[in-house]
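Right, one structure below, let's go through it.
The values are calculated or read from the model by the stated rules, or taken from the named source; none is laboratory data. Bear in mind the structure is a predicted one, so any value in this text is a computation, not a measurement. Please note: Cβ atoms are built from the backbone with ideal geometry, for glycine as well, and neighbour counts cover all protein chains shown.
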Amino acid sequence: MTLNNHSQRVRTLVVLQNGDLASGSEDRTIKIWNLENGSVKMTLKNHSSWVRTLAVLQNGDLVSGSEDSTIKIWNLENGS
């Protein structure tokens, strides 16, 4: 399976607690992928530069660090 939806290089990946995959890219987005069928479930947009790192908190929230010098915590239930 090849996952292809970012417009620029992918820089970081993390597997989520539910088995989905999160990818962070130079296109300043984070994609949440369903690994069963390869579809994008959600696109997170709020960084002004590329996404450098991703991590998952114990409560299931996603944390992203960016070249824009910010760290964001995302609730994956609603994408905020």
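Points worth noting:
- Considering residues of the range 61-80 that are at pLDDT 95 or above and over 13 Å from the mean Cα position of the chain (by Cα) only, the residue surrounded by the fewest Cβ atoms within 10 Å (Cβ to Cβ): 69
- Subset of the range 28-77 that is aliphatic (A, V, I, L, M) and assigned to a loop (DSSP other than H, G, I, E, B) - its residue that is farthest from residue 5 (Cα to Cα): 57
- Every residue from the range 44-59 that is closer than 16 Å to residue 14 by Cβ and either touching a strand residue (DSSP E or B) at 6+ places or on another chain (Cβ under 8 Å) or modelled with pLDDT under 95 (or both): 44, 47, 50, 51, 52, 53, 54, 55, 56, 57
- Restricting attention to the range 19-34 and to residues that are in contact (Cβ under 8 Å) with a residue 24 or more places away in the chain and either basic (Lys, Arg) or out of contact with any Phe, Trp or Tyr (no Cβ under 8 Å at 6 or more places or on another chain) (or both), the residue that is nearest to residue 68 (Cα to Cα) turns out to be 28.
- Put simply, of 44, 16 the only residue that is touching a Gly at 6+ places or on another chain (Cβ under 7 Å) and not β-branched (Val, Ile, Thr) is 44.
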